[in-house]
1. For Pro209, all conditions in the list (1) in contact (Cβ under 8 Å) with a residue 60 or more places away in the chain; (2) within 22 Å of Ile121 (Cα to Cα); (3) surrounded by fewer than 12 Cβ atoms within 10 Å (Cβ to Cβ); (4) not charged (D, E, K, R) hold save one; what is the number of the exception?
2. What is the one condition in (1) of a type in the set (S, T, N, Q); (2) modelled with pLDDT of 95 or more; (3) part of a loop (DSSP other than H, G, I, E, B) that Thr212 does not satisfy?
3. Identify, from the list Glu191, Glu156, the residue that is more than 25 Å from Glu109 (Cα to Cα), of a type in the set (Asp, Glu) and part of a helix (DSSP H, G or I).
4. Out of Tyr186, Tyr176, I need the residue that is part of a loop (DSSP other than H, G, I, E, B) and under 32 Å from the mean Cα position of the chain (by Cα). Which one?
5. Suppose the filter is outside any helix (DSSP H, G or I) and either surrounded by 10 or more Cβ atoms within 10 Å (Cβ to Cβ) or among the charged types (D, E, K, R) (or both); does Gln148 pass it?
6. Pairs needed: first member in region 112-129, over 16 Å from Arg201 (Cβ atoms) and in contact (Cβ under 8 Å) with a residue 40 or more places away in the chain; second member anywhere, among the aliphatic types (A, V, I, L, M) and in a helix (DSSP H, G or I); C-beta distance under 7 Å; at least 6 residues apart or different chains.
Amino acid sequence: MTLFSYGQKNDPLLFDSTHWKQEVSELNFIEDKPETTSDPYVKNKKNFKLPNLQFLNGFVYVGVILLVAALLVLILNRFILINNTNTKLKGKYTAVSILDQELENKPIEEWNLNHLLEKYIKENNPRQVIRINYLITLQQLHLIGKIQWEKNKTNEFYQQALLHTPLYPTFAKLSYIFNYVWYGEYPLLPEQYEEATQVFRTFIQSLIPTPTNE
């Protein structure tokens, strides 16, 4: 198909409109139609729509509330437990509450604690053994003039009395063990019990004056 013709040399390029109309009239223009298919999978794929998930928003909201509530309850219970434990372990109970009835009306110098210690050792009662060892410690500290025993004073008071002495670190440790076991009512593992009683024995022995030879 020739759309352009050339004249003589140096003639301009000419457009043959008559020939163009003739050529164009012979062309068939067909409008494109949408592609169709009989495959049901393809049809379903084209018509697929995401399901309406708005109803899940309510469940998510309720779930978040329940999770936050559970965390708050857990934190509150933990706080109460720690607070109760700290209250027990701060030594704010007076020494009267740890005395046997036979000791309450006797001066501290007359306490016979060794037989009570032997009794509870034989009974395999670690909690009572720790209590008696602590009373022996207080008795010895009183006898050598390091503390002034009074029924209504707290264990924390006696710690403060020894604060600036070499005795303080060990006595503070023993007070913690006593408060933990007696007031806190926490059991000791066998190895913890052995270690605690050994520390008590060593400390008490160090408080007993060494006899001098005249």
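1. Here Pro209 meets the rest and fails (2).
2. Status for Thr212: all satisfied but (2).
3. Working: Glu156 fails: more than 25 Å from Glu109 (Cα to Cα).
Unique residue meeting the criteria: Glu191.
4. Details: Tyr176 fails: part of a loop (DSSP other than H, G, I, E, B).
Every option except Tyr186 fails the conditions.
5. Values: outside any helix (DSSP H, G or I): yes; either surrounded by 10 or more Cβ atoms within 10 Å (Cβ to Cβ) or among the charged types (D, E, K, R) (or both): yes.
Criteria met by Gln148.
6. So the pair list comes out as Arg127/Val181.
The values are calculated or read from the model by the stated rules, or taken from the named source; none is laboratory data. Everything quoted here is computed from the prediction, not taken from an experiment. Neighbour counts run over all protein chains shown; Cβ positions are idealised from the backbone, glycine included.
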